Every structure is written in C-alpha cells, then in structure tokens.
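Undergrad: Supplied in structure tokens, the structure appears directly below.
The values are calculated or read from the model by the stated rules, or taken from the named source; none is laboratory data. Keep in mind that what you see is a predicted model, and the values were worked out from it rather than measured. Every residue, glycine as well, gets a Cβ built from its backbone with ideal geometry; the counts of neighbours run over all protein chains shown. Areas reflect the complete protein model, heavy atoms only, side chains present, ligands, DNA and RNA absent. Shrake-Rupley method; radii C 1.70, N 1.55, O 1.52, S 1.80 Å.
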Amino acid sequence: MSDQGDLSKHLFLTGEQSWESAESRSMIPPLYATSNFQYDSVAGMRAALDDEVHSQLYTRGNNPTVRVLRAKLAALENTEDALIFGSGVAAIAAGVLSQVNAGDHIVCVRNPYSWTSWLLEKWLPRFGVSHTFVDGRDPSNFETASKENTRLYILESPNSFTFDLQDLEAVSSIARSRSITTLADNSYCSPLYQKPADLGIDLVAHSASKYLNGHGDVVAGALCGPKSVMDSVFGNEFQGLGGIVAPHDAWLILRGLRTLELRMERVASTAEKLVEWLLADSRIRQVYYPWHSSHPQFELAQKQMKRGSGQFTVELDTDAPMLTENFCDSLQQFRLAVSWGGFESLVIPAIAKSGSTLPPGTVRFYNGLEDLALLQADLDQALTRAFSR
Ligand SMILES: *Cc1c(COP(=O)(O)O)cnc(C)c1O
C-alpha cells in the first residue's frame, strides 16, 4: 500500500489489527473503563500472572483500549512497539531510567524540555548517574562529551524556544559505533513530520498532550521503540513506577489521531504564513522557525523533517521587558498559557519566567486552528498598542 494509504490506516480505523467488534458492530474501538479482568480458572489466572507482558490482567499493564493506541503509535513512528504513559514526562523518565545504572553517564542536548533537565540535574545525581549538556547543532559534540561510562544520548530536535536541530542520523551513527542508546523527544514534529527511528534513533518519546491528542484536554505521553526494549520497560519502569495512561484518555487520543494529519497541515500552513508576515514587520527583530530559509539549520531541517509545525519564537525589537509584557497582555486570540498542540493559539513570553536569560523581547507562539486573518489582526493590534505607549 502507498505511504499515504498506510497513514490513513494508522490514523483512522484499526485496519487489520483485529478489533473485537463482531458482536457489537461498533465502528469505534470501545472504551474499556475497567481496572481488572477476570479469569474462568486458577490455571488461566496462573498463566496470566506468569506472563504479564502479554496477558490482560490489570490496567496498570494491558488494557484493550490502550493496546489499540499502542499499535497506532508504533505504526506511526515505524517502531516495533509503543507504551503509553500518563504524561510525556513519565514516558521520557521511563525511557531514560530503563537505560542507566548507578555510575553511568548521559549526554543530552542543551536546553531540553525543562523536566528532562530536572531529571538529569536534580534527580539522577542522587542515584549516581551523571550527565553532560552539549550544543547539539554539531554532532561531534556528542562524541567529544562521551566517556567510557556513557550509556545514553538524549535528543530533542527541534528543541523549544530557539528550535535548534540535531542531525539525528549523524548522532545515532556515532551512538551506534559506541553501543550507546539514543532517545529523541519528537513532540515538536509529531510522527507525521519526522520519524527519528527511520534515522537510526532507538527510542522515540512524545508528549501526547500536544499534537497527538490535539484538543487540549488530555495529559499523556508515549515511548516508542524495539520490542525487546519495550518489553523490558513494560516489566520494569512502566508497571513498577506506574505512570500509566487512563483508558479514557487513550480513547480520547485515538479520537484526536483521526484528525492529526488535517490539524498538522493547518497549523503548519498558518505558522509558515505568520512567520513570513512577521519577518517583514519592522517591530520584529528576529523570528525563529525551523521550516524557514532564515533558520541557520534550514538545510538540515529539509533533510530530516517533512515540515515545521505550529510553534515559533519572535524577538520583539525592544530591550524593555515592559513593552513585551504590554504586548502579551494585549493579545486576545493568543492566550497566555503553557503547552501547545491544541486548537487554541497560545503565547509565552520569556519574561514570564523569573531569571530567564533570553533577550527580554523573546516571545514563543503556538498558532492553533483559528483563521489566519484573525490571528494576524490580533498580533497587529497588540504590536500597535505596545509600541505606541
Ligand atoms: C510538553 C512537553 C513535554 C512534557 O510532556 P507532558 O505531557 O507535559 O508531560 C516533553 N517534551 C516536550 C518537547 C514538550 O513540549
């Protein structure tokens, strides 16, 4: 089947994944809102307890609704298996913890997602795991920072705020030559615009709270990778730390996936037009967007990504934090809120965080599904207000 046909199959109905709709004729996979599953005999129960990876025993393990989502995400990321967690952070933490022991070392791209930093800086040192942050724009920095005891490279391409890229193929090939595992956070691109496993990355993590669910009403995460690693994560970090997704949230993500392709096209196309339009405005000093010729790594973006998504950062032409604050307070369509990937447009100025080292005019946007002209008018009126004070 064509790639596009496969994509529709992964996003929409369950295709050849056998779906037990024979009796109910239900079009949509049912929501199994149950904590446990019953057995007819002690022998059946014993067999299940002896093989929890494959058996249906308890929802902090396997649940049929969650299983459908696992199969879809594995298909979308082109990996053998996927596990769904209660947040993106739970997925990343499980992936990282599955790869290290006391005394090991991790090399991580600098400025990853804040709670990825927290795990490396605040939590893992308690258990004797050290790390080095590197400028990921040059793949050789991963090699230079590697030591005898380096077990894992953590990547996030593009990363938030400045959208620096890492050459996933080059870094994964360095890792392979040293038997180091790679884990990439692919939340920005979604599986539609970048497939890290196709470039040699071992483990792919997602915040499903963002594009995968896409409606701003779920917090969840996913970890995708080879069956052998996923089976081990299932039997250890997944069941043992227990950061699972609720079946209802998995069911909502299945619903969200059906429009993933349409939503990604819409946010990408709006972002491309907004970026072009903002670059031409004299009140804007700089725009950061990986899918634009002004991005210093645009060539690499074209090599490993299919398109950009809906986040971009601008630097207003000001050094006055108050102007940036007035600008953001004046926006009406772009709501002041963290996260992204839903239908609604959002904004975060760097000055919202005390102690930020970014220039005071730095503002990160996420454009949602609204009309382009409406968003432009909103940006224009807020710029006019802020710059005329
Ligand atoms: C939001 C986000 C996360 C964390 O995901 P949660 O679902 O909020 O736990 C991780 N990485 C990136 C790039 C994110 O944007």
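Undergrad: Within region 234-250, is there a residue that is surrounded by fewer than 24 Cβ atoms within 10 Å (Cβ to Cβ), in contact with a strand residue (DSSP E or B) (Cβ under 7 Å, 6 or more places away or on another chain) and closer than 24 Å to residue 200 by Cβ?
TA: Yes, region 234-250 contains a residue that is surrounded by fewer than 24 Cβ atoms within 10 Å (Cβ to Cβ), in contact with a strand residue (DSSP E or B) (Cβ under 7 Å, 6 or more places away or on another chain) and closer than 24 Å to residue 200 by Cβ.
Undergrad: Moving on. Scanning region 340-389 for residues that are polar (S, T, N, Q) and modelled with pLDDT of 95 or more, which turns out farthest from residue 189 (Cα to Cα)?
TA: 384
Undergrad: Counting only residues that are under 18 Å from residue 381 (Cα atoms) and surrounded by 15 or more Cβ atoms within 10 Å (Cβ to Cβ), which one in region 333-343 is nearest to the ligand (Cβ to nearest atom)?
TA: Filtering region 333-343 down to residues under 18 Å from residue 381 (Cα atoms) leaves 333-336.
Still in the running and surrounded by 15 or more Cβ atoms within 10 Å (Cβ to Cβ): 333-334.
Working: 333: 21, 334: 17 Å.
My answer is 334.
Undergrad: Another one. Is region 306-315 home to any residue that is out of contact with any helix residue (DSSP H, G or I) (no Cβ under 8 Å at 6 or more places or on another chain) and small (Gly, Ala, Ser)?
TA: No, because not a single residue in region 306-315 is out of contact with any helix residue (DSSP H, G or I) (no Cβ under 8 Å at 6 or more places or on another chain) and small (Gly, Ala, Ser).
Undergrad: How about region 173-220: which of its residues are open to solvent by 30 Å² or more (accessible area, probe 1.4 Å), within 16 Å of the ligand (Cβ to nearest atom) and on the phi > 0 side of the Ramachandran plot?
TA: The one that is open to solvent by 30 Å² or more (accessible area, probe 1.4 Å), within 16 Å of the ligand (Cβ to nearest atom) and on the phi > 0 side of the Ramachandran plot: 216.
Undergrad: Moving on. Looking for whichever is under 19 Å from residue 267 (Cβ atoms) and more than 16 Å from the ligand (Cβ to nearest atom) here; the options are 358, 372, 323. Which one fits?
TA: 372
Undergrad: Now, a different point. Any chance region 128-135 includes a residue that's charged (D, E, K, R) and not in a loop (DSSP other than H, G, I, E, B)?
TA: Taking region 128-135 as the starting set, the residues that turn out to be charged (D, E, K, R) are 135.
With not in a loop (DSSP other than H, G, I, E, B) added as a condition, the list becomes none.
No, the conditions are met nowhere in region 128-135.
Undergrad: Give the number of residues within region 355-389 that are open to solvent by less than 10 Å² (accessible area, probe 1.4 Å) and part of a loop (DSSP other than H, G, I, E, B).
TA: 3
Undergrad: Here's another thing I want to ask about it. Can you confirm whether region 184-207 contains a residue that is touching a residue at least 40 places away in the same chain (Cβ under 8 Å), touching a Lys or Arg at 6+ places or on another chain (Cβ under 7 Å), polar (S, T, N, Q) and over 26 Å from residue 345 (Cβ atoms)?
TA: No; the residues of region 184-207 include none that is touching a residue at least 40 places away in the same chain (Cβ under 8 Å), touching a Lys or Arg at 6+ places or on another chain (Cβ under 7 Å), polar (S, T, N, Q) and over 26 Å from residue 345 (Cβ atoms).
Undergrad: Assuming residue 243 fulfils every condition listed in (1) of a type in the set (Gly, Ala, Ser); (2) in contact (Cβ under 8 Å) with a residue 12 or more places away in the chain; (3) under 17 Å from residue 315 (Cα atoms) apart from one, which condition is it?
TA: Status for residue 243: all satisfied but (3).
Undergrad: Checking the structure you have, find out if any residue of region 31-52 is crowded, with 21+ Cβ neighbours inside 10 Å and part of a loop (DSSP other than H, G, I, E, B).
TA: no
Undergrad: State all residues of region 140-158 that are closer than 29 Å to residue 286 by Cα, free of Cβ contacts under 8 Å to residues at least 60 places away in the same chain and not in a strand (DSSP E or B); if no residue qualifies, say none.
TA: Within region 140-158, 140, 141, 142 meet the criteria.
Undergrad: Against the condition more than 16 Å from the ligand (Cβ to nearest atom) and modelled with pLDDT of 95 or more, how does residue 82 come out, does it pass?
TA: Judged against the criteria, residue 82 is not a match.
Undergrad: Being in contact (Cβ under 8 Å) with a residue 40 or more places away in the chain, within 16 Å of the ligand (Cβ to nearest atom) and surrounded by fewer than 20 Cβ atoms within 10 Å (Cβ to Cβ): is that true of residue 330 here? If you could, list the steps in order and put the result at the bottom.
TA: Values: in contact (Cβ under 8 Å) with a residue 40 or more places away in the chain: yes; within 16 Å of the ligand (Cβ to nearest atom): no; surrounded by fewer than 20 Cβ atoms within 10 Å (Cβ to Cβ): yes.
No.
Undergrad: Are there any pairs, at least 6 apart or on different chains, whose C-beta atoms fall under 9 Å, with the first in region 47-74 and touching a residue at least 60 places away in the same chain (Cβ under 8 Å) and the second of a type in the set (Asp, Glu) and surrounded by fewer than 18 Cβ atoms within 10 Å (Cβ to Cβ), and if so, which?
TA: 53/231; 61/52; 74/80
Undergrad: What do you reckon, is residue 280 within 30 Å of residue 383 (Cα to Cα) and open to solvent by less than 30 Å² (accessible area, probe 1.4 Å)?
TA: no
Undergrad: Let me ask you something else. Is it fair to say residue 346 is under 25 Å from the mean Cα position of the chain (by Cα), touching a residue at least 12 places away in the same chain (Cβ under 8 Å), more than 20 Å from residue 162 (Cα to Cα) and crowded, with 18+ Cβ neighbours inside 10 Å?
TA: So residue 346 does not fit the description; no.
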